[in-house]
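Taking it in order: structure first as structure tokens, then the write-up.
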């Protein structure tokens with residue numbers, strides 16, 4: 001969800017541009033379209049400012065306005081920005097063939113995600129079967145506190161604790177682990193094992209194993225995720241059959257950096 005821009009002691013920072021970006025970020029909402037009042041509430045900007053920003057984005061071709069409902073939606077032009085990022089990203093280029101081979105080998109869905117602030121954002125998603133429409137799309141965000149433990153396991157406790165304390169730890173399913181202390185314990189478990197197994201914490205019916213992609217200096221760059229159907233896979237089977245694959249693929253990708 002978009003938030004108000006913070007005041008910055010930076011003479012080069014263009015505050016109006018920051019506010020304008022809040023309009024596009026408001027569309028992180030699960031709703032497919034948004035009205036002026038909703039965007040004002042999400043961004044914290046007054047209606048007059050929101051109206052001007054909406055008009056500007058519409059004129060630039062990044063938003064479309066339904067003339068009947070007066071609601072706004074993102075346009076395909078937004079996708080071009082994501083494409084430009086993905087095609088020029090070395091991590092994505094290197095990881096893709098390894099992930100494709102892992103999907104073929106395991107018969108399971110394979111993802112690549114990287115840390116972005118308090119969230120994990122998926123760069124590559126290779127579904128094996130249709131579970132949920134959103135699960136097929138790159139660019140989806142999930143909170144790092146429950147979705148990026150494999151990456152957090154390679155970070156200093158101080159930095160991990162800051163992410164935990166700043167996160168809005170709301171449960172997505174009855175199985176989501178909530179609380180800083182409990183999540184710090186799971187991060188430590190991921191350190192001890194070298195990988196993380198998560199069952200139905202973000203998506204009901206899914207169990208996944210993740211392993212961090214680190215460069216030659218041990219800096220975490222991303223994580224490889226292998227997803228399976230919880231009704232078909234026990235945690236023990238995931239650890240025995242899928243965890244070694246996740247570790248191998250993460251290692252192969254990381255060896256290129």
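The values are calculated or read from the model by the stated rules, or taken from the named source; none is laboratory data. All of these numbers come straight from a predicted model, not from anything done at the bench. Cβ placement follows ideal geometry from the backbone for every residue including glycine, while neighbour counts extend to all protein chains displayed.
Quick notes on this one:
Every residue, every condition in (1) over 28 Å from residue 96 (Cβ atoms); (2) in contact with a strand residue (DSSP E or B) (Cβ under 8 Å, 6 or more places away or on another chain); (3) surrounded by 13 or more Cβ atoms within 10 Å (Cβ to Cβ), yes or no:
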| residue | (1), (2), (3) |
| --- | --- |
| 179 | yes, no, no |
| 184 | yes, no, yes |
| 221 | no, yes, yes |
| 224 | no, yes, yes |
| 238 | no, yes, yes |
| 241 | no, no, yes |
| 245 | no, yes, yes |
| 248 | no, no, yes |
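- Top-ranked residue of the range 102-117 - restricted to ones that are without any contact (Cβ under 8 Å) to a residue 40 or more places away in the chain and in a helix (DSSP H, G or I), ranked as nearest to residue 149 (Cα to Cα): 103
- Residue check: residue 9 meets all listed conditions (1) outside the structural domain of residue 114 (by TED's automatic domain parsing); (2) part of a helix (DSSP H, G or I); (3) without any contact (Cβ under 8 Å) to a residue 12 or more places away in the chain but one, namely (2).
- Conditions (1) part of a strand (DSSP E or B); (2) out of contact with any helix residue (DSSP H, G or I) (no Cβ under 6 Å at 6 or more places or on another chain); (3) surrounded by 21 or more Cβ atoms within 10 Å (Cβ to Cβ); number of the one not met by residue 121: (3)
- Of the residues making up the range 214-233, those that are in contact (Cβ under 8 Å) with a residue 12 or more places away in the chain and over 18 Å from residue 105 (Cβ atoms) are 214, 215, 216, 218, 219, 220, 221, 222, 223, 230, 231.
- Residue 213 under 22 Å from the mean Cα position of the chain (by Cα) and either closer than 24 Å to residue 156 by Cβ or assigned to a helix (DSSP H, G or I) (or both): yes
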